[in-house]
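**Student:** Handing you this structure, nothing more for now.
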Amino acid sequence: MSDEDQSESGVERLEHKVVAELGVEGLGLERNAVGLSHVLGQSLANVGPTIAVLFTTALIVTKAGVSAPFAVVIIVLGLGMTAVSVAIMCRHLPAAGVLYAAPAQAFGSSVGVGIAIMLFLLYTLETCSTAAFMSGLVSQLIKTETGASIPWAVILAVVLGFYGFLAWTGIKDVLRFTMVFITCEMVIVLFISFVIIFKGGAAGQVPSAFLPSFGHGGGGFSAVAGAFVFGLFALGGFESSAGTAEESRRPRLFIPLAVVGAVLIGGALLFISTYAMVIGYGPHHLSALTSNPNPMVPLGERFIGHWYGVVLSLALISATLGASLASLTLTIRLQYALGRDGILPRALGRTHPKHHSPHVSAAVAVVISYIFGVLFAVIYGVTTQYGYSGYLTGIGIGAAYLMFNIAMITYMWRRQRERFRWAVHGLLGVIATSLVGFGIWASVHPLPSGPDRVMLIVFGGWLVVAVVGAAMLKWKAPDKLEKVLSAGARAEKGFIDVDS
């Protein structure tokens with residue numbers, strides 16, 4: 001039997017064991033349903049490089065100024081190394097709950113559950129915030145182009161309902177949908193970026209964009225580092241495909257390739273397009289870039305024509321559709337894994353008898369996303385809330401990546417000592433941890449004001465919820481914590497030594 005056949009058999013055995021032990025209804029997730037292009041599309045869509053270019057670039061420029069392209073390089077280095085850490089863990093723990101099973105294996109089940117709670121909150125926020133943002137853009141575009149007025153809340157309900165339908169029909173339909181859209185978006189953005197670069201932008205090329213000393217306000221490296229949190233928001237989510245490990249073919253190969261590939265592809269697009277936008281506006285007119293909710297649109301109109309501005313607006317809408325669908329897909333599978341492992345209600349761990357989709361979890365995730373999407377949009381504005389939630393999500397995802405890097409080093413040293421390599425598992429993990437840690441520190445020190453400070457307080461509250469939740473489980477239901485640890489161990493065993 002080949003290694004790949006063994007790995008797939010091991011994952012199937014894991015599913016059957018968990019179903020038998022927990023009494024979860026359904027036959028489990030569909031096996032061998034998706035290939036490399038599908039899982040890469042999942043990670044790329046959740047990264048949302050087109051959104052990063054068309055919206056998040058302005059947030060990076062706000063901090064790093066002309067040095068925004070240099071900041072993107074630093075961001076890609078830090079997240080690329082972190083992606084390698086995630087990829088390493090995905091090779092050893094091919095299960096839908098790997099994002100919390102890995103820290104559980106490294107630090108204990110309480111830490112794993114605490115991280116699971118935090119990730120659940122973060123991914124839910126990302127889903128509802130991105131979907132609400134997209135609904136606002138659609139509402140504005142329809143009114144601008146046709147004069148018709150359709151409330152964004154109605155559009156949000158329709159979109160999330162469509163997401164729920166796709167999630168019910170199965171992972172293959174979801175990922176096919178996202179892959180088509182992500183490909184079209186990236187081609188549209190790359191085309192206008194190369195046009196701007198080849199035409200020399202507003203006033204020629206800007207070599208200082210590749211140096212740290214020309215940051216916003218003359219802040220040098222500190223200004224560049226301050227942009228790191230928005231880089232986390234821009235390129236974070238590459239781990240999304242890890243949640244589909246049980247449904248993919250050859251997960252040991254495809255999931256790591258998708259995780260690392262999403263950072264490299266998304267980072268390359270962000271770097272090229274960020275430089276194009278900086279020279280497109282010119283170094284002395286970046287305030288026009290940072291004040292525009294979709295700053296690439298004026299460039300498309302100026303360098304190509306009005307019609308391309310409309311195309312770019314549609315590309316942003318398409319990107320938000322794909323990104324919110326991808327984050328919802330991950331949220332659903334995280335809920336499913338937590339339900340299957342007994343942390344959340346077991347009904348969430350059920351799968352549809354025909355489609356093998358986590359249909360209960362999908363319905364719950366859609367309802368929660370709509371409620372909180374409306375709430376967040378009403379408080380902060382349907383489009384402006386995206387930047388505020390981006391700061392919160394960036395801090396939270398950065399903290400999760402920090403823990404994951406440390407977990408990778410710890411796990412490989414404690415449980416895979418014979419496979420431990422100092423250059424790969426030691427040095428790389430330390431550098432990734434340092435870069436992410438420094439980026440988070442620079443993003444919160446000095447303390448921000450206004451809504452960003454509120455977001456930090458919210459994040460602190462979520463940390464308390466995660467710690468208290470894990471502590472309550474340890475006190476009242478220690479058996480559930482052990483199921484998280486044992487599920488991770490079975491995933492590990494099923495992947496490494498299925499026949500023993």
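**Student:** Residues in segment 444-464: is at least one open to solvent by less than 30 Å² (accessible area, probe 1.4 Å), among the hydrophobic types (A, V, I, L, M, F, W, C) and free of Cβ contacts under 8 Å to residues at least 60 places away in the same chain?
**Tutor:** No, segment 444-464 has no match at all.
**Student:** Going by the conditions given, is Ser318 of a type outside the set (Lys, Arg) and crowded, with 24+ Cβ neighbours inside 10 Å?
**Tutor:** Here the answer is no, as Ser318 does not meet what is asked.
**Student:** Do we have Val360 as touching a Lys or Arg at 6+ places or on another chain (Cβ under 8 Å), assigned to a helix (DSSP H, G or I) and open to solvent by 10 Å² or more (accessible area, probe 1.4 Å) here?
**Tutor:** Yes: the conditions hold for Val360.
**Student:** Still on this model: Could you please let me know if Val189 is touching a Ser or Thr at 6+ places or on another chain (Cβ under 9 Å), of a type outside the set (Lys, Arg), farther than 30 Å from His356 by Cβ and at pLDDT below 85?
**Tutor:** no
**Student:** Right, next: Could you grab me the full set of residues in segment 105-146 that are open to solvent by 40 Å² or more (accessible area, probe 1.4 Å) and either touching a Cys at 6+ places or on another chain (Cβ under 8 Å) or within 22 Å of Val297 (Cα to Cα) (or both)?
**Tutor:** Scanning segment 105-146 gives Gln140, Ile142, Lys143, Thr144, Glu145, Thr146.
**Student:** Looking only at segment 247-288, which residues are of a type in the set (S, T, N, Q), open to solvent by less than 20 Å² (accessible area, probe 1.4 Å) and assigned to a helix (DSSP H, G or I)?
**Tutor:** Listed by number, the residues that qualify are Ser273, Thr274.
**Student:** In segment 394-439, which residue that is assigned to a helix (DSSP H, G or I) and out of contact with any helix residue (DSSP H, G or I) (no Cβ under 8 Å at 6 or more places or on another chain) is nearest to Ala52 (Cα to Cα)?
**Tutor:** Among them, the one singled out is Ser434.
**Student:** State whether one or more residues within segment 380-400 are over 24 Å from the mean Cα position of the chain (by Cα) and open to solvent by 20 Å² or more (accessible area, probe 1.4 Å).
**Tutor:** No, segment 380-400 contains no residue that is over 24 Å from the mean Cα position of the chain (by Cα) and open to solvent by 20 Å² or more (accessible area, probe 1.4 Å).
**Student:** Something else now. Looking at the structure I just gave you, is Ser291 surrounded by fewer than 21 Cβ atoms within 10 Å (Cβ to Cβ), on the phi < 0 side of the Ramachandran plot and either of a type in the set (S, T, N, Q) or modelled with pLDDT under 90 (or both)?
**Tutor:** It is true that Ser291 is surrounded by fewer than 21 Cβ atoms within 10 Å (Cβ to Cβ), on the phi < 0 side of the Ramachandran plot and either of a type in the set (S, T, N, Q) or modelled with pLDDT under 90 (or both).
**Student:** Can you tell which of Arg340, Arg333, Arg350 is among the basic types (Lys, Arg), over 13 Å from Leu166 (Cα atoms), open to solvent by 40 Å² or more (accessible area, probe 1.4 Å) and in contact (Cβ under 8 Å) with a residue 40 or more places away in the chain?
**Tutor:** Details: Arg340 fails: open to solvent by 40 Å² or more (accessible area, probe 1.4 Å); Arg333 fails: open to solvent by 40 Å² or more (accessible area, probe 1.4 Å).
Exactly one residue qualifies, and that residue is Arg350.
**Student:** Test Val366 against the criterion of being hydrophobic (A, V, I, L, M, F, W, C), part of a loop (DSSP other than H, G, I, E, B) and open to solvent by less than 40 Å² (accessible area, probe 1.4 Å), and give yes or no.
**Tutor:** No, not satisfied.
**Student:** Sticking with this one: Answer yes if at least one residue in segment 298-308 is under 25 Å from the mean Cα position of the chain (by Cα) and open to solvent by less than 10 Å² (accessible area, probe 1.4 Å), and no otherwise.
**Tutor:** To start, the set of residues in segment 298-308 that are under 25 Å from the mean Cα position of the chain (by Cα) comprises none.
Checked against the condition, which is being under 25 Å from the mean Cα position of the chain (by Cα) and open to solvent by less than 10 Å² (accessible area, probe 1.4 Å), segment 298-308 yields no hits at all.
**Student:** Then there's this: Please state which one of Thr178, Thr183, Thr244 is part of a helix (DSSP H, G or I), within 21 Å of Ala319 (Cβ to Cβ), of a type in the set (S, T, N, Q) and modelled with pLDDT of 80 or more.
**Tutor:** None of the others qualify; the one that does is Thr183.
**Student:** Within segment 147-181, how many residues turn out to be closer than 22 Å to Gly243 by Cβ, aliphatic (A, V, I, L, M) and open to solvent by 60 Å² or more (accessible area, probe 1.4 Å)?
**Tutor:** 1
**Student:** Examine segment 425-435 for a residue that is crowded, with 20+ Cβ neighbours inside 10 Å, without any contact (Cβ under 8 Å) to a residue 40 or more places away in the chain and closer than 27 Å to Arg91 by Cα, and state whether such a residue exists.
**Tutor:** Yes: one or more hits.
**Student:** For segment 59-83, which residues satisfy the criterion of being within 25 Å of Ala326 (Cα to Cα) and surrounded by 23 or more Cβ atoms within 10 Å (Cβ to Cβ)?
**Tutor:** Leu59, Ile60, Val72, Ile75, Gly78, Leu79, Met81, Thr82, Ala83 - these are the residues of segment 59-83 that are within 25 Å of Ala326 (Cα to Cα) and surrounded by 23 or more Cβ atoms within 10 Å (Cβ to Cβ).
**Student:** Please go through (1) at pLDDT below 90; (2) of a type in the set (A, V, I, L, M, F, W, C); (3) in a helix (DSSP H, G or I) for Leu344 and return the number of the only condition it doesn't satisfy.
**Tutor:** Only one criterion is unmet by Leu344, namely (3).
The values are calculated or read from the model by the stated rules, or taken from the named source; none is laboratory data. Nothing here was measured: the structure is a model prediction, and the numbers come from that model. Positions of Cβ are generated from backbone atoms using ideal geometry, with glycine treated the same way; all protein chains shown enter the neighbour counts. These accessible areas exclude ligands, DNA and RNA; they are computed on the full protein's heavy atoms, side chains included. Shrake-Rupley method; radii C 1.70, N 1.55, O 1.52, S 1.80 Å.
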